Amino acid sequence: MMLRRLLVVAVAGFSLSAGVSTLRPSVVFASGNWNGQDTYHVPISWCAVQGSPAVDNPNVAGDTTTNNILWRRHERPTDNIYVNPTGITFRSAINSFAMQGFSFPPFADPTPTPNTGRLGDLRDIASNPTEFNAMINLCGQAWNGLGRAGVGIMAININLFHNAAGDYLNTVGYGGCVQNAAGACAVPITGRAALADNHYLYPGVPNPNWPPTPGDLNGTKRFTANGQPITDPWDIAAGHAFARAMGLPERLNVFALMMTAPQDNNGDGQADNRNLNAAEVAALRAAAANVPHVETDPQGQFDPGAFVTHEHYDGIAEFDNQPPYLDLSHVTAGLELETNRVFFDQHVLGLLPEEEPMEFWFLLDTDGADFGADPGLLAELGVPETHFEGVELAARVTVQDGVVTLAEVNRYAEGGLFPIDGYSAELLTLVMHPITLPEGEAEAAPIPVSHSVRLELI
């Protein structure tokens with residue numbers, strides 16, 4: 001059986017832990033921001049696909065710029081669903097003094113819709129997650145360009161979801177997170193969302209019908225619930241997707257936010273299912289505290305959250321006929337501020353094969369190339385060919401049949417690499433959940449879309 005190898009230089013000159021713990025002040029209990037507890041401000045890292053109305057022709061409820069269109073998509077669920085029941089608000093990932101003048105980044109659609117050539121659409125993730133994984137990578141590359149990749153929940157505004165024939169689907173979005181083997185969001189939470197453009201959902205927008213497709217040549221179809229047209233004035237779809245990105249499960253109740261999709265309960269043509277029960281509120285607050293770069297808001301001040309992370313994205317599809325699971329999408333470096341727990345993730349562009357062993361290497365340089373292991377010493381350890389110099393930490397993780405079968409970490413000292421303790425490794429999975437408008441009430445199946453390997457230094 002062949003052993004496949006993936007090599008990553010995790011971070012050169014890594015300094016995430018250097019002095020970061022000093023950024024976290026002493027814990028302050030809020031004196032009344034939300035029922036005597038802290039408010040959580042969860043950042044949303046929006047991207048918009050070129051070809052979606054938010055980029056090409058932004059015009060919803062008086063908003064005529066891409067920034068404003070996207071901003072409202074997290075502002076509406078904040079104001080109408082979250083802030084009073086939960087003490088959670090969603091904020092822009094560019095909403096800080098350091099980011100003035102920046103905009104939510106657009107990116108080009110890599111895959112035109114079949115049979116129409118239209119740009120901005122996304123293939124239904126349930127049937128083929130390849131395009132979604134590529135869009136996650138392109139959105140991440142765009143945020144890398146702003147120096148802010150890895151902040152909060154990543155959300156992608158698309159045109160519409162389509163099937164293999166290019167016909168549009170009654171699906172308003174997807175939400176999910178990177179999960180551990182127990183099926184819970186791994187901490188810190190890596191949340192993802194993809195949402196159909198509000199041009200087709202917000203009330204009062206002219207011509208909310210979908211564009212023509214092979215199965216709808218006159219473009220007469222639109223979003224419906226139980227056969228009737230539906231709009232979403234409070235962005236319930238976004239609120240549901242963000243909750244999914246923080247690990248909240250479905251609740252089959254037509255008044256619940258976590259019902260399979262937006263519901264029109266009073267027959268006025270508008271979605272109105274916004275209910276969150278006490279258990280859901282508690283779960284959301286616990287999750288919000290573990291979103292990277294969340295801000296906690298005790299009375300009269302802002303404190304940084306528990307985790308800081310940075311994602312660095314690689315180019316994809318650089319080699320012909322390369323399987324997605326051999327294509328590195330991005331790496332994450334992160335730190336838990338109070339404990340100084342450090343972790344590194346390698347994210348590939350698809351799901352690993354179950355039977356074939358896969359080998360992942362992590363190489364870490366903390367102080368430049370002048371000190372640490374050179375390529376010759378790394379080769380003696382079994383590292384694939386590399387020109388990386390100055391390695392202080394070299395780790396190997398092998399995965400097979402969905403579990404880590406081998407993990408070892410070596411540290412440079414006195415001219416050699418020596419094994420150390422105090423680490424763990426696990427296989428993680430990005431799992432997405434569809435938000436499909438009701439033509440029935442069947443619970444939607446979760447969709448695993450890609451794997452990542454985590455190395456944690458304790």
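General remarks:
- Of the residues 370, 327, the one with the fewest other Cβ atoms within 10 Å heads the list, and the complete ranking is 370, 327.
- Relative contact order for the chain, counting Cα pairs under 8 Å that sit 6 or more residues apart, in percent: 19 percent
- FRET efficiency for the pair residue 50 and residue 228, taken as 1/(1 + (r/R0)^6) with r the Cβ-Cβ distance and R0 = 30 Å, rounds to 0.40.
- Helical runs assigned H by DSSP (4 residues or longer) give the chain a calculated mean residue ellipticity at 222 nm of -4000 deg cm²/dmol, each run adding -39500 (n - 2.57) before division by the residue total.
- Equivalent ellipsoid semi-axes, segment 108-259, via Cα gyration tensor eigenvalues times 5, rooted, Å: 26, 20, 14
- What the Cβ-Cβ distance of residue 356 and residue 130 gives, at R0 = 25 Å and to the nearest 0.05, is a FRET efficiency of 0.85.
- Cα gyration tensor, segment 247-395 - rounded (a/c under 1.5), prolate or oblate: oblate
- Rounded to the nearest 20, the Cβ-based charge dipole of segment 341-436 about its Cα centre (Lys and Arg +1, Asp and Glu -1) stands at 300 debye.
- Over every Cα atom in the chain, the radius of gyration and the widest Cα-Cα span, Dmax, amount to 22.5, 74 Å.
- Centre separation in Å (Cα based) which lies between segment 120-153 and segment 324-345: 17 Å
- Spin-label pair residue 35-residue 286: with each label point 7 Å from Cα along the Cα-Cβ axis, the two points sit 1.5 nm from one another.
- Distance between modelled label sites at residue 79 and residue 340, nm, 7 Å Cα→Cβ extension: 4.5 nm
- Rg(Cα)/(2.2 N^0.38 Å) for segment 324-431, N = residue count: 1.12
- With the charge dipole of the chain set up from +1 on Lys and Arg Cβ and -1 on Asp and Glu Cβ about the Cα centre, the Cα lying farthest toward the positive end among the listed residues 305, 61, 36 is that of 61.
- Extended-chain gain in nm, criterion 0.36 nm per residue less alpha-carbon gap, residue 108 and residue 319: 74.0 nm
- Among 380, 311, 359, sorting on how many other beta-carbon atoms sit within 10 Å of each Cβ, with the fewest leading, yields 380, 359, 311.
- Each of 82, 174 was scored by other Cβ atoms within 10 Å of its Cβ. Arranged with the fewest first, they read 82, 174.
Rule-based calculations on the coordinates, nothing more; no lab input. Because the structure is a prediction, the values reported are computed rather than measured. For neighbour counting, all protein chains shown are included, and Cβ atoms are generated from backbone atoms with ideal geometry for every residue, glycine included.
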